[in-house]
Structure formats: structure tokens, C-alpha cells
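Contents: one structure, followed by commentary.
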Amino acid sequence: MDVRAVGVFDSGVGGLTVLHECLVTLPHEDFVYLGDHARLPYGPRPLAEVRGFAHEIGAFLEAQDVKLIVVACNTATSAALPQLQEELAVPVVGVITPEARAAVQATRTRRVGLLATQGTVDGGRYHDLVRTLDAGVELIAIPCPRLVPLIESDAPYEETEEAVREYAEPLKEAGVDTVILGCTHYPLIRPVFQRVFGRDVTLVLSAEETAREVSDTLARKRIENDTARTGEYRFLTTGDPAAFREMGRRFLQLPIGEVEHVTLAQLGAAA
Ligand code: DGL
């Protein structure tokens, strides 16, 4: 048994979609969630810069004595997963491998769409993983730079739907039967994607698959907490704690109590 918490991070609230599935699967575990709102969005930044952010946050979470780290951000996973796994003593789980596997299993036409940030598309990790699993699958990747800022803002809903329709169009034209929502923010507006793509397209989301991977990793390494207990959660942000609390409540009906503010200097000092 291991009483230490699991660390989870994202550029903002998107990783809460992964945390939610972890809470459903592992209600007895403690979690520390960090949203790097001060530097959101990660998507348009050079991958090397995102790698630097992930390095700081990984070191900071490890100093909080976590037993496993979930990189609940596709852009940070694209930019930094192997590096984090090399640097840190604790196991590190990303969000891309579980989605690539699920998409390859789901597609019948072997034409798969990917909607993700510019950084994730440029990183090419989905392409490599999909081709490793089935070299006959064609992946059509569309960067969606407007979506994360729209989701994290109070933008009118119509504006968000219009952007989704625009990004979906080339995938519909290409006749894909499976679409990877390759950013942890996108499930927060899942109904919009479902309406835009209709019933014939399978949407692949990372949260459930990632939660399963976290659960299996804890079990196999025998570092689970006592299953009879109820877990506790800590929320940290480099941005505005009140805005974070409000977004968590709005999107996930997740009662986020106290949110602690962490400065970028604190993150830098941990690295
Ligand atoms: N949730 C992050 C991801 O999965 C959003 C990236 C961003 O901040 O642009 O890629």
C-alpha cells in the first residue's frame, strides 16, 4: 500500500476531464491537480518551450511527494513524455498512447481524423503511434488553434460551434469514420463534436483509457492506496484560483473547494 497522492497536470482545466475519470475509477486515491493557467495556451508555443514547462511541473509535483504523474495534456505529452520519463523517479503516464490504440481498434475504413493543438499536430506522435499499430491506417490531422482559448473563455457558444464546424469540415470531406479528440480540453464541449460529426463517426477520447492505464499501473506496481478509504483532492493553479474554481464547477459539476496559487518562480525553483 502507498498513501502518496497521484499528480496530474495540464495547461488549464482540460486535464480535469482526465481527473474526472480517475476519480470514477480510483475513488480511494488522493490527487494533486495543477493547471498552468499563467502560461495557457500551450498549443501555439514551440515544443521546446512546452518541454521546459513540463520539466518544471514534473519536478514540482515530484517534490510534492506524488507516487505517479499523469500528463493530462496532449501538447505536453507530445512535447515531453519521454523526457519526463527519463528525468523523474516516479512513473509518468501520458494521454496519447491510449487514444491512438483506441482509434486504431475502432476504425473500419482505416481513415482516422485527429483534432488537436498545433503543437500536438507538429509533434507527430499520434502519426507515429498509429502507424506502429497499423501501418495501413491513414491519419488526417487538423490543428485547431482557436478551440482552447474559446473553451477557457466566456465566448458565446455559437462562436465555439462555428469553429468546431470549420475544423471538422476537411475530416468529413476525407470520409473518416473515427475522430480522435486529441486535446484534453475538447471533451468539455463533447456534445458539440457529437452534433457536428453525427452518429456514424466514432469519437475517441483519452480520459477513460488514461484512467484505466493509471489504475493498472498502480495495481501492477503495488502502489495503490487502501480501497476502503475515500480520496482527497488538492487543486493548484499558476493563474486565478477563483476562475479555476468556477470553470471546474461549470464544466464538470466538480466541487472544487480551496484552490492554491502557485507562482512560476516556485515551479522554476523546483526544476
Ligand atoms: N489540454 C491541452 C492539450 O491537451 C491544451 C493545450 C493548450 O493549452 O493549448 O493539448
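Rank Ile180, Val196, Ile223 by how far each Cα sits towards the positive end of the charge dipole of segment 130-232 (+1 on Lys, Arg Cβ; -1 on Asp, Glu Cβ) and give me just the farthest. Farthest along the dipole direction, towards plus: Ile223. So what's the angle, to the nearest 10 degrees on a 0 to 90 scale, between helix 157-174 and the longest Cα principal axis of the chain? Once rounded, one gets 60 degrees. The length gained on full extension between Lys172 and Gln83, counted as 0.36 nm times the residue separation minus their Cα-Cα distance, comes to 28.5 nm.
Put +1 on the Cβ of each Lys and Arg and -1 on the Cβ of each Asp and Glu in the chain; which of Pro46, Val6, Gln105 then has its Cα farthest toward the positive end of the dipole? My answer, from the dipole projection, is Gln105.
Suppose only helical runs count, i.e. DSSP H with n ≥ 4. What mean residue ellipticity at 222 nm does that imply for the chain under -39500 (n - 2.57) per run, divided by all residues and rounded to the nearest 500 deg cm²/dmol? Estimated from H runs of four or more residues: -15000 deg cm²/dmol.
Compute the signed sum of charges (Lys and Arg +1, Asp and Glu -1) over the other residues within less than 14 Å, Cβ to Cβ, of Glu166.
Every neighbour counted, the sum reads -3.
Apply the a/c threshold of 1.5 to the C-alpha gyration tensor of segment 18-114 and tell me whether it is rounded, prolate or oblate. Cα axes put segment 18-114 in the oblate bin. The residues of the chain expose on average 42 square angstrom of accessible surface per residue, using a 1.4 Å probe on protein heavy atoms. Using only side-chain charges placed at the Cβ, +1 for Lys and Arg and -1 for Asp and Glu, the dipole size of the chain relative to its Cα centre rounds to 520 debye. Here the accessible area is traced with a 1.4 Å probe on the protein chains. For the chain, carbon and sulfur cover 48 percent of it.
Size descriptor for the chain, Kirkwood hydrodynamic radius: 18.6 Å (Cα pairs only, one decimal). Computed about the Cα centre, the dipole magnitude for segment 1-71 is approximately 220 debye when only Lys and Arg (+1) and Asp and Glu (-1) carry charge, each at its Cβ. Computed from Cα positions, the angle between helix 241-252 and the longest principal axis of the chain comes to roughly 50 degrees. Between the helical axis of 206-220 and the longest alpha-carbon principal axis of the chain there is an angle of about 40 degrees.
The values are calculated or read from the model by the stated rules, or taken from the named source; none is laboratory data. Treat the numbers as computed from the prediction; the structure is a model and nothing was measured. Reconstructed Cβ throughout: ideal geometry from the backbone, glycine too, with neighbour counts over all protein chains shown. With ligands, DNA and RNA removed, areas are computed over all heavy atoms of the protein, side chains included. Shrake-Rupley method; radii C 1.70, N 1.55, O 1.52, S 1.80 Å.
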